[in-house]
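Undergrad: For reference, the structure I am asking about is given below.
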There are 2 protein chains.
Amino acid sequence: MNPDISRERENASFDQEILTNILDGGAEKTRRRREIESMVIRDPDFQHEDLNFLSRSERYDAAVKKSAQMIVKLREYGISDPEEIYSYKSVVKGLHHESFGLHYAMFLPTINSQSTAEQQRKWIPLAELCQALGTYAQTELGHGTHIRGLETTATYDPSTQEFVLNSPTISSIKWWPGGLGKTSNHAIVLAQLYTQGKCFGLHAFITPIRCMKTHMPLPGVVVGDIGPKFGFDEVDNGYLKLENVRIPRENMLMKYAKVEPDGTYVKPPSDKLTYGTMVFIRSMIVGESARALSKSCTIAIRYSAVRHQSELHPGEPEPQILDYQTQQYKLFPLLATAYAFHFVGQYMSKTYHRISGDINQGDFSGLPELHALSAGLKAFTTWAANAGIEVCRMACGGHGYSRCSSLPDIYVTFTPTCTYEGENTVMMLQTARYLVKSYKQARAGQHLTGIVSYLNEPQSRIQPQSVSSRPTVISINDLVSLVEAYKLRAAKLVEMAAKSLQMELQHSKSNEDAWNNTSIELVRASDAHCHYVVVKLFASKLSEIGDTSIHSVLNTLALLYALHGVQQNSGDFLQAGLLSVPQLAQISQRLKGLLSELRPNAVSLVDAFDYRDEMLNSALGRYDGNVYEHMFEWAKRSPLNHTEVHESYHKYLKPLQSKL
Amino acid sequence: MNPDISRERENASFDQEILTNILDGGAEKTRRRREIESMVIRDPDFQHEDLNFLSRSERYDAAVKKSAQMIVKLREYGISDPEEIYSYKSVVKGLHHESFGLHYAMFLPTINSQSTAEQQRKWIPLAELCQALGTYAQTELGHGTHIRGLETTATYDPSTQEFVLNSPTISSIKWWPGGLGKTSNHAIVLAQLYTQGKCFGLHAFITPIRCMKTHMPLPGVVVGDIGPKFGFDEVDNGYLKLENVRIPRENMLMKYAKVEPDGTYVKPPSDKLTYGTMVFIRSMIVGESARALSKSCTIAIRYSAVRHQSELHPGEPEPQILDYQTQQYKLFPLLATAYAFHFVGQYMSKTYHRISGDINQGDFSGLPELHALSAGLKAFTTWAANAGIEVCRMACGGHGYSRCSSLPDIYVTFTPTCTYEGENTVMMLQTARYLVKSYKQARAGQHLTGIVSYLNEPQSRIQPQSVSSRPTVISINDLVSLVEAYKLRAAKLVEMAAKSLQMELQHSKSNEDAWNNTSIELVRASDAHCHYVVVKLFASKLSEIGDTSIHSVLNTLALLYALHGVQQNSGDFLQAGLLSVPQLAQISQRLKGLLSELRPNAVSLVDAFDYRDEMLNSALGRYDGNVYEHMFEWAKRSPLNHTEVHESYHKYLKPLQSKL
């Protein structure tokens, strides 16, 4: 154990294990999570192999192997609780992905939720035995977030009772689905349904794409891997071009909409149910933001505790880089953010389960708010975590750039969350639509409930006034007052956006143009709303914490999160008259104080996230702090070191010398 | 040609060729640059091979091949002007690096500048014939930016007249030098010189590391590749562990400091000259920031002109995504930044040449300002470009994540500039040191000249006053007024940091602690100073532009750059009393207006950067806009598509089915 890092742990003011239990949701959950993690870590079949040293094809191969083993082992061990499956898989995968994750995440669930009893009887056993390995093919080369624009067609032919699937244009080629390229033999294809000469919009079709015996592509199916990406090397994201592919009428998922044998289309009773999955996945992504950022903070903060650099005092040893104020200012607000997002993730998960309980009993009333909340928070947290990971990486200096730090892997694996499951700007605008609608309802005298109830308040309180002439509301040491300030800022920005939209409507050709011409302000209003929600949830989590020393350190983190946000957005708070100019300087001073308060607890705060070395896979983020020894060992294994003299020497360098 | 993108070009209000000439520094320079680019593009030896499909070892192999060919061809064609060599190499390299770039960038220049005439006679021919292939080995596993902390030792042994080189600890292993791992047979090793029992600090030693005949590592030399990184796959960044490696006394570079045969140390007359190279490289990096960002903008803006998505008007075709205000708000400020940085890069290059002329005539007076400017601007521009590339990538939706967009490559190749040649935060603090020193000199009655002369002005003008009670200085449509506002903001923040430092000195144990405890504010002051310099240089470039239509579009870009910066830092401007609250809303409106003004010129503004398709290597950024066709062609070449059925099917998937 590196003595620098041991000393850090001795200096902590709180019991790290109690904090870990809080993060897990209870001591029993911590115990069971660790038990599951150990099962994987001890398992000789999952012995550590560094994917960084493999070619893309080898990485894909290794991922398929792992996924296949995982399926067998989960059954063997009888692990069936979704949370436990999640724990188990996350250790196996490490920082990467499953090669056929969509089989379990989308193919099976979609069959479960959207097919008839008869269809389920046929397809679920096939899928569970992995005879039918499936994926979910929605996005196309030319079409992403706006799914109504999809071009793939499924035309019903009553003479044979079949659908004929086609990709009529280049831009209609299915593109991106995970596991589509090489792994899957089936895909649920989203296509525009045509029957009796009319288009009835998007529907889902179970489409065999490869032979279940030979795995060769079926006639009319052009399928393959879309090529290397920023990350996700181990996943065969694929393309699919359909050329008059015929599937039986029974392959359309018909729980809701139907096509009768004669081609008659029967409308679905409601479309609210498909809505649910999307909301669920977005809610889960909030938790992913917390995990990606907390892993990055763990690596950067542990490394900063053992890395020595430069001089603070001439002649004295080089200090730990964690002692530099600029380093603290980079990392500690991100640490606070990771905690904040963790608690927001817990809240989203709880809320989702509560509301889906209501939905199962036919009560859809909570859905619009949850939809708006999950869209905005997905965008807010992924953007923040995405930028934060890179700050952590660069805070590790040059070594952060090495794959041995794992920070490049964390980044490239995480960054797609800003785009998939709804592009972030589009998500922010969906939340804005809800906020503007709520604002108008409040103005029309309706009483709002839930998270937007702040829009009820008389707006005269936050009219722009000269900054100096009115009392300010922020008390910079009081979390409750800060929550209030974030709330009033959000209210102000929602009002400004709504009024701006109103103004635009007077000049614009259409509602849509007015909306587009206000979209910068609308995104800003959503952002402020989400920021308020995060500060509020962090503050309310504190009220649940009994342990005094833990309450104290989390309170410091929450204050840091809130005040740092005020500083970064000081223009908004000044503009809304919530802050005075002299207070800005006080906030700068207070922030420095909070950094110093956190300094002795920083390492223990990341230890509390409780990531095993095997899960971080980072030479810089090791628990024992023995960074350099492990970097050297790792480097020796680089494929370029398999021979002392690389073949390029004989091919090009030696001949070059004779040419000069 | 995609009709969408042709239409964009028809709508431009200016002659793109004239703008290209301005960017190149004259029509003749444009002509010659294109001529050189065509030489590479037409050359059958450099036919396009996509590195994305190769393994790391193959990429390294391909890079060595290219580098070797390039050396031969440059001689063949007689290209020897440094700017022309730069143009030639940049087309050959594309978005990647040379495998032995440091041989020419550091090994040869260091021998040229730091060795005696006798040493030059021996080593320069060897290096020019590539018999001695060299690199520059400075950073160590445990030591980066702070070079005084390096641990490698060179101990003089008078009995054999040799230096004995050692890596005494794990943390002293040389780490990161490009070309060190497999390519080089020599390294200039920076080591602590010991002679006659005393340490005389860092000196440079030409150290043979591999046999010039067999290329095998020499006795006592442990050398290899440091393993995969975020990018730079084609470069063998290496490690070097020295175990009692003996080199002749003559291998120490002795132009300045010397060790006599008996071991007597002779001090160098001055250390100012080594300073120059560093300043040069940092100045050049400003230009790299402009190039990386302008390439990214070219890709994202062209793609946004051909990508259609969602609905603005129900029932109408999907609009180009460049018509969305949020997309313009992401991309156009970055486009303006790319132009700003381009002009700043031109200025830095001119200033460097002017000042190095002075230095050659013994006049060092301009060096401190240039040093401070190059440090700060290196940090300011690389941070902005780094974040901007990722905004461009994510503005391309999912497809930006594919390697076929080239945006991942641009990012991973560029991002190390934030760390190398001086870590950015350290750079900002170096500039801050100069600013604080200048501020104190001005307060002490000295009259400052040059870029910091604004610190001369009576500070009472910018004392904090209640925002409402004093006249504001910004006229939001006047670039001159905006430059003035940026200047006053910088003056204010430098003053605040200097005062805060003064306060800290009253509480702190030492000057160093006070500096550390003020470093957040110092970085902020530097940032504001650099921002002012950039706005000022952009504005003064405009005065050189004669063509009215080009002046007009560049003026729009400059206003956008300046106003966007005010909006993003509105707290600073409000705090300094340079802006009123109602003006903030006016700025938002004005920004929207500027986005609309730029919209018809956006594609032509990126065309003017004049990057050939072969240089961008991006399916999304193609000149002809035929994106989807080329993505599909590219994907088919993915190595995973070499067989229809991947071997993992037979190894794992088929067996899995029988186990379930």
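The values are calculated or read from the model by the stated rules, or taken from the named source; none is laboratory data. Just so it is clear, the structure is predicted and the values come from calculations on it, not from any experiment. Cβ placement follows ideal geometry from the backbone for every residue including glycine, while neighbour counts extend to all protein chains displayed. Just the protein is used for accessible areas: all its heavy atoms, side chains included, with ligands, DNA and RNA removed. Shrake-Rupley method; radii C 1.70, N 1.55, O 1.52, S 1.80 Å.
Undergrad: Could you give the accessible area per residue of the range A:500-622, probe 1.4 Å, as a whole number in Å²?
TA: Ligands and nucleic acids excluded, the result is 32 Å² per residue.
Undergrad: Provide a whole-number value for the mean count of partner chain Cβ atoms within 10 Å of the Cβ atoms in peptide A:227-235.
TA: Neighbouring Cβ atoms belonging to other protein chains average 6 per residue here.
Undergrad: Over the protein assembly as shown, with every protein chain in place, what whole percent of the accessible area is carbon and sulfur at 1.4 Å, could you tell me?
TA: 53
Undergrad: Determine, from the Cβ-Cβ distance of residue B:122 and residue A:387 and an R0 of 51 Å, the FRET efficiency 1/(1 + (r/R0)^6), rounded to the nearest 0.05.
TA: Working: r = 51 Å, r/R0 = 1.00.
Efficiency at R0 = 51 Å is approximately 0.50.
Undergrad: Order of B:237-248, A:529-540 by packing, highest average Cβ count within 10 Å first?
TA: The densest-packed peptide leads the list: A:529-540, B:237-248.
Undergrad: Peptides A:645-652, B:610-617, A:185-192: what's the order by average Cβ count within 10 Å, highest mean first?
TA: Peptide ranking by packing, descending: A:185-192, B:610-617, A:645-652.
Undergrad: In Å and whole numbers, how far do the C-alpha atoms of the range B:304-357 stretch along each principal axis, longest first?
TA: Result for the range B:304-357: principal-axis Cα extents of 65, 16, 8 Å.
Undergrad: Stretch residue A:363-residue A:157 to full length: gain in nm at 0.36 nm per residue minus the Cα-Cα span? Walk me through the intermediate numbers first.
TA: Values: separation 206, 0.36 × 206 = 74.16 nm, distance 3.89 nm.
Full extension of this stretch gives 70.3 nm more.
Undergrad: Each residue of the range B:187-198 in turn: what ³J(HN,Hα) in whole Hz from Karplus with 6.51, -1.76, 1.60 and θ = phi - 60°, glycine and Pro shown as x?
TA: Here the 3J(HN,Hα) series is 9, 7, 9, 7, 9, 6, 7, 10, 8, 6, x, 10 Hz.
Undergrad: Further question: Mind giving me the nanometre distance, one decimal, between the label points for residue A:38 and residue A:481, set 7 Å out from Cα along Cα→Cβ?
TA: Taking the simple label geometry, residue A:38 and residue A:481 are separated by 4.9 nm.
Undergrad: If you count, for each residue, the other Cβ atoms within 10 Å and average over each peptide, how do B:422-432, A:16-26 line up from highest to lowest?
TA: Per-residue Cβ counts within 10 Å, averaged per peptide and sorted highest first, yield B:422-432, A:16-26.
Undergrad: Once you treat every alpha carbon in the range B:1-127 as an equal point and sum by Debye, what is log10 I(q)/I(0) at q = 0.09, 0.10, 0.12, 0.15 Å⁻¹?
TA: With no solvent term, the Cα-only Debye profile gives -0.40, -0.49, -0.66, -0.92.
Undergrad: Return the calculated 222 nm mean residue ellipticity for the protein assembly as shown, to the nearest 500 deg cm²/dmol, obtained by summing -39500 (n - 2.57) across DSSP H runs with n ≥ 4 and dividing by the residue count.
TA: It lands at -17500 deg cm²/dmol.
Undergrad: Per Stokes-Einstein, at 10 °C and 1.306 mPa s, what whole-number D in µm² s⁻¹ belongs to the range B:510-660, with the Kirkwood radius over Cα pairs as the hydrodynamic radius?
TA: Estimated diffusion coefficient is 74 µm²/s.
Undergrad: Moving to a separate point now. How large is ³J(HN,Hα) for each residue in the range B:236-247, as worked out from phi by the Karplus curve 6.51 cos²θ - 1.76 cosθ + 1.60 (θ = phi - 60°), to whole Hz, x for Gly and Pro?
TA: 8, 3, x, 10, 8, 10, 9, 10, 6, 7, 9, 10
Undergrad: So, in nm, how far is label residue B:650 from label residue B:169 when the simple model puts each one 7 Å beyond its Cα toward the Cβ?
TA: It works out to 5.4 nm between the two label points.
Undergrad: Given axes a ≥ b ≥ c from the Cα gyration tensor, I'd like to know whether the range B:214-321 is rounded (a/c under 1.5), prolate (a/b larger than b/c) or oblate.
TA: On the way: a/c = 6.78, a/b = 2.42, b/c = 2.81.
It comes out oblate by the Cα gyration axes.
Undergrad: Can you give the FRET efficiency to the nearest 0.05 for residue B:503 and residue A:660, using r as the Cβ-Cβ distance and R₀ = 56 Å?
TA: Here the calculated transfer efficiency is 0.35.
Undergrad: A further question follows. How many Cβ atoms of partner chains, on average, are near each residue of A:131-137 if near means within 10 Å of its Cβ?
TA: 1
Undergrad: Return the inverse of the average 1/r over all pairs of distinct C-alpha atoms in chain A, which is the Kirkwood hydrodynamic radius, in Å to one decimal.
TA: On the way: mean 1/r = 0.0363 Å⁻¹.
About 27.5 Å for chain A.
Undergrad: When we measure straight from the Cα of residue A:492, which lysines land under 30 angstrom away, once same-chain ones fewer than 8 places off are left out?
TA: Correct list for residue A:492: A:330, A:350, A:378, A:437, A:440, A:509, A:536, A:541, A:592, B:330, B:492, B:592.
Undergrad: Roughly how compact is the range B:410-460, stated as its Cα Rg over 2.2 N^0.38 Å to two decimals? Could you put the intermediate results ahead of the total?
TA: Working: Rg = 15.8 Å, N = 51, 2.2 N^0.38 = 9.8 Å.
Cα-based Rg divided by the globular estimate yields 1.62.
Undergrad: Cα-based Rg of the protein assembly as shown per 2.2 N^0.38 Å, rounded to two decimals?
TA: Computed over Cα atoms of the protein assembly as shown, the ratio equals 0.93.
Undergrad: Spin-label point model (7 Å from Cα, Cβ direction): what's the residue B:586 to residue A:146 distance in nm?
TA: 3.6
Undergrad: With 5 Å bins from zero, work out the P(r) of the range B:119-240 over every alpha carbon pair and list the percent per bin.
TA: 2, 11, 20, 23, 20, 15, 7, 2, 1, 0
Undergrad: Which whole number gives the average count of other chain Cβ atoms within 10 Å of the Cβ atoms across peptide A:500-507?
TA: 1
Undergrad: Name the long-range amide H neighbours of residue B:229: under 5 Å, sequence gap of 5 or more, or other chain; modelled H, no Pro or chain starts.
TA: Close amide H contacts, sequence-distant or interchain: A:403.
Undergrad: Go through the range B:254-265 residue by residue and turn each phi into a ³J(HN,Hα) via Karplus (6.51, -1.76, 1.60, θ = phi - 60°); whole Hz please, and just put x for glycine and proline.
TA: 10, 4, 9, 7, 9, 10, 6, x, 7, x, 5, 8
Undergrad: Using a probe radius of 1.4 Å on protein heavy atoms only, what is the accessible area buried between chains B and A, both sides summed, to the nearest 100 Å²?
TA: Between B and A, the summed buried area is about 11600 Å².
Undergrad: Something else now. List the residues whose amide H sits under 5 Å from the amide H of residue B:99, counting only those 5 or more places along or on another chain, with H placed 1.01 Å from N in the peptide plane.
TA: For residue B:99, the qualifying residues are B:67.
Undergrad: Compute the label-point distances linking residue B:589 to its equivalents in the other copies; points lie 7 Å from Cα along Cα→Cβ; give nm, one decimal, shortest first.
TA: Going from nearest to farthest copy, the values are 3.9 nm.
Undergrad: Provide an ascending nm list, one decimal, of label-point separations from residue A:361 to the equivalent residue in each further copy; define each label point as 7 Å from Cα along Cα→Cβ.
TA: Values, ascending and in nm: 8.9.
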